[in-house]
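The values are calculated or read from the model by the stated rules, or taken from the named source; none is laboratory data. Only a predicted model underlies this, so the values are computations on that prediction, with no experimental measurement involved. Methodologically, a virtual Cβ is constructed for each residue, glycine included, from the backbone with ideal geometry; neighbour enumeration extends over all protein chains shown.
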């Protein structure tokens with residue numbers, strides 16, 4: 001069996017199969033019970049369920065830093081790190097915290113939980129099998145940090161400013177939590193502008209979104225969507241005032 005791990009799966013699989021003449025066995029069999037995992041520091045562990053909807057697979061799990069190139073030891077362990085799963089089976093993954101680390105104690109830390117499935121050997125020559133990896137964010141929240149994640153999006157401050165001589169929308173996160181933003185829209189009269197691709201603003205971070213429409217009114221209405229702890233999307237609105245930082249309110253259903 002030849003096993004490859006690809007991130008840009010569709011493109012690279014086409015290239016490999018076309019060039020090498022392999023038949024392909026690649027189908028994600030496992031799924032996770034959540035799109036993110038929240039680890040509250042007051043608890044000893046956090047858990048997530050892995051479901052196998054295919055044939056027998058070997059599942060390998062581990063934690064990675066959110067900092068590119070950081071290969072240092074992390075104070076977390078996943079158990080079981082390696083598990084055999086039967087068809088239609090389930091496996092509970094537990095993430096444990098060692099309790100002593102250099103992680104900040106006054107703000108949230110983001111890491112990655114990796115869950116990789118390795119299929120069993122299949123019959124036939126020249127068969128290409130893929131070890132498919134799923135990654136979800138692990139949010140570690142130390143006990144005692146101020147505020148709540150549910151209020152972090154309303155705590156963001158937004159302001160129309162000039163950056164390098166160009167109009168921009170500045171957003172500042174003064175909370176202790178990360179805020180994943182899906183969309184940002186500005187509208188004023190007949191003018192409307194959609195800003196950026198999804199991004200996540202970290203605790204204490206300032207982020208700038210460049211405006212393509214230089215003529216957008218300084219009195220524009222702001223609307224943005226943020227991802228909550230459950231993977232759902234909440235909408236927030238604010239009325240911008242020229243040169244004044246403002247905070248948004250959660251939209252009512």
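Regarding residue 176, is this residue part of a helix (DSSP H, G or I), surrounded by 20 or more Cβ atoms within 10 Å (Cβ to Cβ) and on the phi < 0 side of the Ramachandran plot? The answer is no for residue 176. Residues that are outside the structural domain of residue 84 (by TED's automatic domain parsing), more than 25 Å from the chain's Cα centre (by Cα) and assigned to a loop (DSSP other than H, G, I, E, B) are absent from the range 115-131. Of the residues making up the range 231-253, those that are at negative phi, within 20 Å of the chain's Cα centre (by Cα) and either surrounded by 14 or more Cβ atoms within 10 Å (Cβ to Cβ) or touching a residue at least 12 places away in the same chain (Cβ under 8 Å) (or both) are 233, 234, 235, 236.
No other residue among 165, 99 is out of contact with any strand residue (DSSP E or B) (no Cβ under 6 Å at 6 or more places or on another chain), over 19 Å from residue 49 (Cα atoms), exposed (fewer than 14 other Cβ atoms within 10 Å of the Cβ) and not assigned by TED's automatic domain parsing to the domain that holds residue 59 apart from 165.
With respect to the conditions (1) surrounded by fewer than 16 Cβ atoms within 10 Å (Cβ to Cβ); (2) farther than 26 Å from residue 67 by Cβ, residue 197 falls short on a single one, namely (2).
Could you identify the single residue in 69, 34, 54 that is modelled with pLDDT of 95 or more and not in a strand (DSSP E or B)?
34
For residue 95, are the conditions met, namely being touching a residue at least 40 places away in the same chain (Cβ under 8 Å), under 18 Å from the mean Cα position of the chain (by Cα) and under 17 Å from residue 44 (Cα atoms)? Against the criterion (touching a residue at least 40 places away in the same chain (Cβ under 8 Å), under 18 Å from the mean Cα position of the chain (by Cα) and under 17 Å from residue 44 (Cα atoms)), residue 95 qualifies.
Per this entry, residue 122 is counted among residues that are touching a strand residue (DSSP E or B) at 6+ places or on another chain (Cβ under 6 Å) and at pLDDT below 95. Given the criteria touching a residue at least 12 places away in the same chain (Cβ under 8 Å) and over 20 Å from residue 109 (Cβ atoms), does residue 192 qualify? Spelling it out, it is not the case that residue 192 is touching a residue at least 12 places away in the same chain (Cβ under 8 Å) and over 20 Å from residue 109 (Cβ atoms).
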